[in-house]
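The values are calculated or read from the model by the stated rules, or taken from the named source; none is laboratory data. On a predicted model such as this, the values are computed, not experimentally measured, just so you know. Cβ: placed from backbone, ideal geometry, glycine included. Neighbour counts: every protein chain shown.
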């Protein structure tokens with residue numbers, strides 16, 4: 001693996017800007033919406049663990065959840081501040097809440113940054129009986145590139161590896177879906193060619209508007225088809241689990 005620089009506040013600012021329109025985030029939002037519709041109720045109390053720029057806190061609030069956003073970085077919490085939002089700065093492995101506080105939790109591309117065993121143990125503690133958690137993680141370890149190291153990723157997952165981590169934490173896997181199967185050849189090319197530097201990462205961050213629109217349409221179409229097609233592989237992985 002390439003050397004791991006720290007995840008900077010400048011990189012967080014870039015992601016906060018591009019996630020509004022970037023095709024990858026558009027597809028992930030569609031996937032999260034679909035999974036929440038299948039596994040959650042809108043009146044529940046939900047923890048957005050690792051809320052980053054806070055955009056997901058806003059989106060969960062619009063769905064009717066009572067949301068608490070938590071992140072270790074103060075910059076993201078500053079971006080997330082607003083009316084009717086509860087925001088907490090804390091480490092994911094040491095959460096300042098009583099056991100059984102939340103009906104559900106959302107961890108969007110968080111688990112790869114942390115000691116996943118410690119965080120999943122804390123997650124189980126915080127959930128009520130039958131509480132749920134929705135997680136997304138980067139998939140396929142062979143795709144590890146400069147993009148991962150610059151983001152502070154410790155690992156990428158397989159479906160089996162993520163399932164084993166959840167089972168060890170005594171969380172029951174209810175659904176797992178790969179994301180970005182259709183675009184995997186393109187993703188693989190950019191990752192394998194961009195292992196050592198930021199050039200391809202930065203190009204992928206800001207695709208031409210027409211290209212971005214096309215890739216966004218493909219990403220959303222893949223998510224919709226995922227209700228009837230079990231995609232065998234993808235560059236990201238989403239899972240929903242429950243506390244027994």
Just wondering, is there one or more residues in region 223-230 that are outside any helix (DSSP H, G or I) and in contact with a strand residue (DSSP E or B) (Cβ under 9 Å, 6 or more places away or on another chain)? yes
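Okay, residues lined up against (1) touching a strand residue (DSSP E or B) at 6+ places or on another chain (Cβ under 7 Å); (2) under 14 Å from residue 47 (Cα atoms):
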position	(1), (2)
103	yes, yes
111	yes, no
118	no, no
130	yes, no
136	yes, no
141	no, no
145	no, no
151	no, no
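Conditions tested, residue by residue: (1) touching a residue at least 12 places away in the same chain (Cβ under 8 Å); (2) surrounded by 17 or more Cβ atoms within 10 Å (Cβ to Cβ); (3) more than 22 Å from the chain's Cα centre (by Cα); (4) assigned to a helix (DSSP H, G or I).
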| site | (1), (2), (3), (4) |
| --- | --- |
| 207 | yes, yes, no, no |
| 210 | no, no, yes, yes |
| 215 | yes, yes, no, yes |
| 219 | yes, yes, no, yes |
Matching residues in region 125-172 - criterion: being closer than 18 Å to residue 39 by Cα and without any contact (Cβ under 8 Å) to a residue 60 or more places away in the chain: none
So residue 95 fits all but one of (1) more than 21 Å from residue 42 (Cα to Cα); (2) at pLDDT below 90; (3) touching a strand residue (DSSP E or B) at 6+ places or on another chain (Cβ under 8 Å); what number is the exception? (2)
Quick one: residue 189 ticks every box in (1) on the phi > 0 side of the Ramachandran plot; (2) free of Cβ contacts under 8 Å to residues at least 24 places away in the same chain bar one, so which box is it? (1)
Enumeration of residues in region 168-186 that are surrounded by 19 or more Cβ atoms within 10 Å (Cβ to Cβ) and farther than 19 Å from residue 226 by Cα: 169, 171
Name every residue in region 109-167 that is assigned to a strand (DSSP E or B) and surrounded by fewer than 19 Cβ atoms within 10 Å (Cβ to Cβ), in order of residue number. 128, 129, 130
Filter result for residue 236 (out of contact with any helix residue (DSSP H, G or I) (no Cβ under 6 Å at 6 or more places or on another chain) and buried (at least 19 other Cβ atoms within 10 Å of the Cβ)): yes
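Look at residue 228 and say whether it is exposed (fewer than 12 other Cβ atoms within 10 Å of the Cβ), under 25 Å from residue 38 (Cα atoms) and without any contact (Cβ under 8 Å) to a residue 40 or more places away in the chain.
Details: exposed (fewer than 12 other Cβ atoms within 10 Å of the Cβ): yes; under 25 Å from residue 38 (Cα atoms): yes; without any contact (Cβ under 8 Å) to a residue 40 or more places away in the chain: yes.
Yes; evaluated as a whole, the condition is true for this residue.
Per-residue answers, yes or no, for (1) modelled with pLDDT of 90 or more; (2) over 21 Å from residue 235 (Cβ atoms):
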{"residue": "47", "(1), (2)": "yes, yes"}
{"residue": "84", "(1), (2)": "no, yes"}
{"residue": "116", "(1), (2)": "yes, no"}
{"residue": "121", "(1), (2)": "yes, yes"}
{"residue": "151", "(1), (2)": "no, no"}
Which numbered condition trips up residue 72, out of (1) crowded, with 21+ Cβ neighbours inside 10 Å; (2) within 27 Å of residue 149 (Cβ to Cβ)? (1)
Would you confirm whether any residue within region 27-43 is assigned to a loop (DSSP other than H, G, I, E, B), touching a strand residue (DSSP E or B) at 6+ places or on another chain (Cβ under 6 Å) and farther than 25 Å from residue 212 by Cβ? yes
